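The values are calculated or read from the model by the stated rules, or taken from the named source; none is laboratory data. Note that this is a predicted model, so its numbers are computed, not measured. Cβ atoms come from the backbone with ideal geometry, glycine included; neighbour counts cover every protein chain shown.
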Amino acid sequence: MPSSLTNLLFHVVFSTKRRQPEIVPGFREDLYAYLGGIIRSEKGKLIEIGGTSDHVHILARFSPAVSVSDMLKIIKGSSSRWVNKSGKRPSGFAWQKGYGAFSVSESGCQAVVNYIRNQEEHHRKMRFQDEFKLLLDKHQVEYNEEYLWD
């Protein structure tokens, strides 16, 4: 086959450092647009983005030329630098060190879109930490809770 053809869908989740409620309305829309721009600049496609004041969910297609870990370094590093330089939030904005990344099938894409769109409602009943552990369990990711939070 002369070309490589892929459809690499990922649901990624990461929090602000210490889950500080930094992603406030007004700023949130600018941040989401910036995150989408980073993904596009790396030859990816943002499908859905959402979250709450302390975390972000992204559903995106990533280029096969960039590993998931490299993509998250780019997304988190570029966006935190932008936030701190822009003056849109108090200085010292940072993301948590880690992240969750889960593969999504094309047939499951709409369910993840709906899940991301419903974050505000979802978090009226559940803390981010509990949601994240449920996602890890659902996707059978082994973890040590001692190292989940920074």
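Across the range 72-115, which residue is modelled with the lowest pLDDT among those that are aromatic (Phe, Trp, Tyr) and not in a helix (DSSP H, G or I)?
Start the filter on the range 72-115 by keeping residues that are aromatic (Phe, Trp, Tyr), which leaves 82, 93, 95, 99, 102, 115.
This time we only want the ones that are not in a helix (DSSP H, G or I), so: 93, 95, 99, 102.
Numbers: Phe93: 92, Trp95: 96, Tyr99: 95, Phe102: 97.
Among those residues, the one meeting the criterion is Phe93.
Could you check how many residues of the range 9-32 are loosely packed, with under 14 Cβ neighbours inside 10 Å and either within 13 Å of the chain's Cα centre (by Cα) or at pLDDT below 95 (or both)?
Within the range 9-32, residues that are loosely packed, with under 14 Cβ neighbours inside 10 Å and either within 13 Å of the chain's Cα centre (by Cα) or at pLDDT below 95 (or both) number 5.
Looking for something out of contact with any Gly (no Cβ under 6 Å at 6 or more places or on another chain) and within 22 Å of Val104 (Cα to Cα) - is there at least one such residue anywhere in the range 79-92? Before the answer, list the steps.
Here is the first cut: in the range 79-92, the residues out of contact with any Gly (no Cβ under 6 Å at 6 or more places or on another chain) are 79-92.
Restricting the remaining residues to those that are within 22 Å of Val104 (Cα to Cα) gives none.
No.
Is there any pair linking a residue in the range 32-44 that is over 12 Å from Trp82 (Cα atoms) to one that is surrounded by fewer than 17 Cβ atoms within 10 Å (Cβ to Cβ) and of a type in the set (S, T, N, Q), with Cβ under 8 Å and at least six apart or on different chains, and which?
Glu42/Ser63; Lys43/Ser63; Gly44/Ser63
Is there a residue in the range 38-47 that is part of a strand (DSSP E or B), among the hydrophobic types (A, V, I, L, M, F, W, C) and surrounded by fewer than 18 Cβ atoms within 10 Å (Cβ to Cβ)? Steps first, answer last, please.
Pass one, the range 38-47, residues part of a strand (DSSP E or B): 45-47.
After this cut, where a residue has to be among the hydrophobic types (A, V, I, L, M, F, W, C) as well, the list is 46-47.
Narrowing further to those that are surrounded by fewer than 18 Cβ atoms within 10 Å (Cβ to Cβ): 46.
Yes, because at least one residue in the range 38-47 is part of a strand (DSSP E or B), among the hydrophobic types (A, V, I, L, M, F, W, C) and surrounded by fewer than 18 Cβ atoms within 10 Å (Cβ to Cβ).
Go through the residues of the range 56-65 one by one and say whether even a single one is among the hydrophobic types (A, V, I, L, M, F, W, C), surrounded by fewer than 19 Cβ atoms within 10 Å (Cβ to Cβ) and over 24 Å from Lys17 (Cβ atoms). Talk me through it step by step, then tell me what you get.
So the first thing to find is which residues in the range 56-65 are among the hydrophobic types (A, V, I, L, M, F, W, C), and the list is 56, 58-60, 62, 65.
This time we only want the ones that are surrounded by fewer than 19 Cβ atoms within 10 Å (Cβ to Cβ), so: 65.
Next cut, over 24 Å from Lys17 (Cβ atoms) only: 65.
Within the range 56-65, one or more residues are among the hydrophobic types (A, V, I, L, M, F, W, C), surrounded by fewer than 19 Cβ atoms within 10 Å (Cβ to Cβ) and over 24 Å from Lys17 (Cβ atoms).
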